[in-house]
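Reviewing the structure listed below.
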Amino acid sequence: MVEAFVRLVCPECTKEWQENPAELPELRTNFSCSNCHATRRLTEFMRTERDLEAVRQFQ
Ligand SMILES: [Zn+2]
């Protein structure tokens, strides 16, 4: 089953939000938190393994 949204959490400031997995960039690219501007690989913002797998289905 394909999730409509994936849950993300910032590893620095713990801000939580949701994104459409089809609109997210490639998982290995750097991603910046809109709240604290911490830059990490997108994989590090995935809240659970399920969220990670949902994004992989679109890549
Ligand atoms: Zn943050």
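The numbers here are math on the coordinates, done by the rules we state, and not lab data. Remember, it's a predicted structure, so these values are computed and weren't measured experimentally. Virtual Cβ from ideal backbone geometry, glycine too; neighbours counted across all protein chains shown.
The numbered conditions (1) surrounded by 11 or more Cβ atoms within 10 Å (Cβ to Cβ); (2) of a type outside the set (Ser, Thr, Tyr); (3) away from the ligand (no atom under 16 Å from the Cβ) are all true for residue 4 except (1). Pull up region 15-52, narrow it to residues that are among the β-branched types (Val, Ile, Thr) and surrounded by fewer than 13 Cβ atoms within 10 Å (Cβ to Cβ), then point me to the one that is nearest to the ligand (Cβ to nearest atom). Filtering first and then ranking leaves 39.
Look at region 14-37: where a residue is touching a residue at least 24 places away in the same chain (Cβ under 8 Å) and a partner is in a strand (DSSP E or B) and among the charged types (D, E, K, R), sitting 6+ places away or on another chain with Cβ atoms under 9 Å, you get 16/7; 27/41. Pairs linking a residue in region 46-59 that is on the phi < 0 side of the Ramachandran plot to a residue that is hydroxyl-bearing (Ser, Thr, Tyr), with Cβ atoms under 8 Å and 6 or more positions apart or on different chains, are 52/43.
Of all the residues in region 23-48, those that are within 11 Å of the chain's Cα centre (by Cα) and within 18 Å of residue 5 (Cβ to Cβ) number 12.
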